[in-house]
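Step one of this worksheet: look at the structure below.
The values are calculated or read from the model by the stated rules, or taken from the named source; none is laboratory data. Quick caveat, the model's predicted, so the values are computed rather than measured. FYI the Cβ positions are ideal-geometry reconstructions off the backbone, even for glycines, and counts take in every protein chain you see. Just so you know, the surface numbers come from the protein's heavy atoms only, side chains and all, with ligands and any DNA or RNA stripped out. Shrake-Rupley method; radii C 1.70, N 1.55, O 1.52, S 1.80 Å.
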Amino acid sequence: MAFLIGFFLAAVLTPMAGAVGRAAGLIDRPDDRGLKIHPRPIPVSGGAAVLAAAAPAAWVFGDGFLAGAWM
């Protein structure tokens, strides 16, 4: 059940975080040095969406796995 809650929240929050990241200019642009493999700018706000999706599921089901993320 925790997986389903986290999956649903991630599916909803990740595109929203990408849109917010693009609007706020929080993007990683490819460069000419070849250090970045993506061909177009990528929003970097997805990690916040993943944490926001996993934390409620872990909290509801009493999983201490994410306790370190809040410290």
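In the stretch 20-40, which residue that is in a loop (DSSP other than H, G, I, E, B) and within 21 Å of Ala52 (Cα to Cα) is most open to solvent (accessible area, probe 1.4 Å)?
Residue satisfying both the conditions and the ranking: Leu26.
Being open to solvent by less than 40 Å² (accessible area, probe 1.4 Å) and either assigned to a helix (DSSP H, G or I) or charged (D, E, K, R) (or both) is the filter here; which residues of the stretch 41-53 pass it?
Gly46, Ala49, Ala53
Which of the residues spanning the stretch 1-43 are among the β-branched types (Val, Ile, Thr) and touching a helix residue (DSSP H, G or I) at 6+ places or on another chain (Cβ under 6 Å)?
Ile5, Thr14
All but one of (1) open to solvent by 40 Å² or more (accessible area, probe 1.4 Å); (2) assigned to a helix (DSSP H, G or I) hold for Ala17, so report the exception by its number.
(1)
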